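See below for the structure under consideration.
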Amino acid sequence: MDALAITEHLEYQPHIADIPHTDRNRSYEEAANAARYSDLLVIPGAEITRKMPASHMNAIFIDDANKLYHVPGSDTPYNSTTFRDTAREWPAQNAVDAANEQGAFVFWNHSWWASDFPNGIPVVSDFHKQNIKNGMLHGIEIANGKNYSEDAFQIALDNDLALIGTSDVHDLIDWDYEPHKGGHRPVTLVFAKERSASSMKEALFDRRTVVWYKNWLMGRERDLQPLLKASLEFEDAAYQDAEILSVTIANHSDADFHLRSLSPFGLHRHAATFVVKQHSSERLMVRTGNAVESITMEFEALNAYVAPSQSTRITLSADVEQ
Amino acid sequence: MLTPMNQRLLYALLPFLLSLTALGHGLAPQPPNDEARKIVFPDTDEHLTLVFDRIPILYFPMAMYGQRFG
């Protein structure tokens, strides 16, 4: 992990009787303090937690979370329900405006959420449309926790929103994703110019992201192609004892790549589809017919998507050792 | 009733037996090592690849109350 945003629910205070939690910047301050001796970038944020048409939105890179919600003083102490209901009376647009005044990157959370859309098909509301049009809503989660939405993916593409994937974990990563068994949290890969919060923010506003969810990668072609090219390469192409070319595909990433050969050259010992495991390599035997001095092969990356039902392709090349 | 000889033998073996009991429970489960937690994707030709997530920090998990607020 390079960066973690802290996005506390603003309107929900489930333990308000015990923990009033009056300063909503404290969670970020505590996390930033805990990470002060590590390389982790801790990003200040908040979750604007409303019903449709606004639904839940995250604002990150904020200056002051306390300005993103408003609950008037009361002679009668609030309980969690009255606090939530009162907080929701302050227009959601005010919260979005306040976040944008602070220069925040704002994105729609788990848009397919059953509370908002029982059929699991999110619909972009007029509230969202207006904020997208005004440049005040910048991204949308397409993966959240153990859920992924093709519809959200399409909404992102249709509306020029950044593709975001997050764990939104409320418990422990070790419980939910079992990294010791090879699991991982959903994350957003952000393509930044430097390893800094400001550079990451610039990249998010420029929509330079790919989502890694389970073993799928989702991103725009512009962002996915360079990642695939950095992850996969041909190595050690040579004719050995026969006239069949041996070439190795190395995988430098955490994803297992499921590939389908689109090359006119046939594969020996492999079917057209095969897997190159994470941080591993797979040796292919290629029937080139006549000996070639260089090899170029195209593959469909079956688990790398540039649209909900459209996987991308990668071309790999190498000179053949003489 | 143990004879003095057996008593001395028992005292002599006691530390060994107690250590066996302790070991009998086995080692406590270990958390995943840091390597297992790392998420690694290479940098591209033009950019650094930064791994990003977001979480809320709740003082007590809301799931304990049977609620999931998202």
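Residue A:115 satisfies every condition listed in (1) surrounded by fewer than 22 Cβ atoms within 10 Å (Cβ to Cβ); (2) of a type in the set (S, T, N, Q); (3) at pLDDT 95 or above except (3). Considering every residue within the stretch A:98-114, establish whether at least one is more than 19 Å from residue A:68 (Cα to Cα) and of a type in the set (Gly, Ala, Ser). For the stretch A:98-114, residues more than 19 Å from residue A:68 (Cα to Cα) and of a type in the set (Gly, Ala, Ser): present. Yes or no: residue A:147 more than 10 Å from chain B (Cβ to nearest Cβ) and surrounded by fewer than 17 Cβ atoms within 10 Å (Cβ to Cβ)? So residue A:147 does not fit the description; no. If you go through the stretch A:221-262 and pick out every residue that is farther than 30 Å from residue A:186 by Cβ, of a type in the set (A, V, I, L, M) and part of a strand (DSSP E or B), you end up with 4. Of all residues in the stretch A:181-193, which are at the interface with chain B (Cβ under 7 Å from one of its Cβ atoms) and of a type in the set (D, E, K, R)? Scanning the stretch A:181-193 gives A:185, A:193.
Of the residues in the stretch A:40-56, at least one is within 14 Å of chain B (Cβ to nearest Cβ), surrounded by fewer than 16 Cβ atoms within 10 Å (Cβ to Cβ), assigned to a loop (DSSP other than H, G, I, E, B) and free of Cβ contacts under 8 Å to residues at least 60 places away in the same chain.
Residue A:2 - would you say it is at pLDDT 95 or above, closer than 24 Å to residue A:211 by Cα, charged (D, E, K, R) and surrounded by 14 or more Cβ atoms within 10 Å (Cβ to Cβ)?
Numbers: at pLDDT 95 or above: yes; closer than 24 Å to residue A:211 by Cα: yes; charged (D, E, K, R): yes; surrounded by 14 or more Cβ atoms within 10 Å (Cβ to Cβ): yes.
It is true that residue A:2 is at pLDDT 95 or above, closer than 24 Å to residue A:211 by Cα, charged (D, E, K, R) and surrounded by 14 or more Cβ atoms within 10 Å (Cβ to Cβ).
Yes or no: residue A:250 within 13 Å of chain B (Cβ to nearest Cβ), touching a residue at least 12 places away in the same chain (Cβ under 8 Å) and of a type outside the set (Phe, Trp, Tyr)? Yes; evaluated as a whole, the condition is true for this residue. For the stretch A:202-221, a residue qualifies if it is within 11 Å of chain B (Cβ to nearest Cβ) and of a type in the set (Lys, Arg), and exactly one does: A:208. Here residue A:84 does not qualify as modelled with pLDDT under 95, of a type in the set (Lys, Arg), closer than 20 Å to residue A:196 by Cα and out of contact with any helix residue (DSSP H, G or I) (no Cβ under 6 Å at 6 or more places or on another chain). Report whether or not residue A:230 is within 14 Å of another protein chain (Cβ to nearest Cβ) and either modelled with pLDDT of 95 or more or surrounded by 15 or more Cβ atoms within 10 Å (Cβ to Cβ) (or both). It is true that residue A:230 is within 14 Å of another protein chain (Cβ to nearest Cβ) and either modelled with pLDDT of 95 or more or surrounded by 15 or more Cβ atoms within 10 Å (Cβ to Cβ) (or both).
Would you call residue A:11 surrounded by 14 or more Cβ atoms within 10 Å (Cβ to Cβ), more than 19 Å from residue B:52 (Cβ to Cβ) and in contact (Cβ under 8 Å) with a residue 40 or more places away in the chain?
Here the answer is yes, as residue A:11 does meet what is asked.
The values are calculated or read from the model by the stated rules, or taken from the named source; none is laboratory data. Worth saying up front: this structure is predicted, and the values here are computed from it rather than measured. Heads up, the Cβs are rebuilt from the backbone with ideal geometry, glycines too, and the neighbour counts pull from every protein chain shown.
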